[in-house]
Amino acid sequence: MVRNIAILAFAGVVALLGGIWYMTLRGGSGDSFAQCRASSVAGGTDAIGGPFELVNAKGETVTDADVITEPSILYFGYTFCPDVCPLDTARNAEAVDVLNERGYSTTPVFISIDPKRDTPEVVGDFAYNLHEKMIGLTGSPEQVKAASQAYKTYYKAQEGDEDYYLVDHTTMSYLVLPEHGFVDFFRRDVTPEQMADRVACFIDNS
């Protein structure tokens, strides 16, 4: 009887250790980036992101594969934004510089949600003035809507002057890795250094 109990106990330990070993090989919970995240993503990361087709500063139609060739920080905004967009995109650009100082190459991307006013030239100038590596993208209303929907962002133009209206929109930034797609988002209160820390973590574990 005692011998049988000992055998069962031993078998249980072996099974437990085997399970731990198996889960370790699979990245623990199945999320190899779990230690990098500040919070969970509702619906999982697979629910956010995807292919898009937009227009760059040169007027060329480009896809996500053309744009996201290295770890990239995406932001959906508009160039006529009086305060939020300039602050958020400047923070993203600063984080890119911090990462560069640490030996990580990343790209900031600005996607306009105001194609009526944001022509390729306007978006290109806005992006370049913030950072020489920043890619500015716009497109037709249909192209912009499709990209926004892929990343589950919201935007809506306010009623008012035809030329000087404001646009309500999502203010989060999205980290996208070429091999993995969307992996995390950053709220407005995240500092450039905090963003750089988390982006570096994702790159190290990719």
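The values are calculated or read from the model by the stated rules, or taken from the named source; none is laboratory data. Worth saying up front: this structure is predicted, and the values here are computed from it rather than measured. All Cβ positions, glycine included, derive from the backbone under ideal geometry; neighbour counts span all protein chains shown. Surface accessibility is based on the protein's heavy atoms, side chains included, excluding ligands, DNA and RNA. Shrake-Rupley method; radii C 1.70, N 1.55, O 1.52, S 1.80 Å.
Label-to-label distance for ARG188 and ALA146 is 3.1 nm, based on points extended 7 Å past Cα in the beta-carbon direction. Computed FRET efficiency, Cβ-Cβ of ASP204 and GLU121, R0 30 Å: what is it to the nearest 0.05? Once rounded, the FRET efficiency stands at 0.20. Straight-distance candidates among the lysines for linking to LYS145, with alpha-carbon spacing under 17 Å and chain neighbours fewer than 8 residues away dropped: LYS116, LYS156. Which of rounded, prolate, oblate describes segment 131-206, given a ≥ b ≥ c as roots of the alpha-carbon gyration tensor eigenvalues and a/c under 1.5 marking rounded, otherwise prolate only if a/b is larger than b/c? It is prolate, given that a/c is not under 1.5 and a/b is the larger ratio. Within the full protein context, the accessible area of THR119 is estimated at about 60 Å² for a probe radius of 1.4 Å. Summing +1 for each Lys or Arg and -1 for each Asp or Glu, what net charge is found among the other residues whose Cβ lies under 14 Å from the Cβ of VAL96? Value of the local net charge: -4.
Against the criterion of solvent-accessible heavy-atom surface with a 1.4 angstrom probe, LYS133, LYS58, LYS116 sort, most first, into LYS58, LYS116, LYS133. Cross-link reach is defined here as a Cα-Cα straight distance under 22 Å, omitting same-chain residues fewer than 8 places apart; for LYS133 the lysines meeting it are LYS58. Here the gap between GLU159 and ALA38, fully extended at 0.36 nm per residue and compared with their Cα-Cα distance, gives a gain of 39.9 nm.
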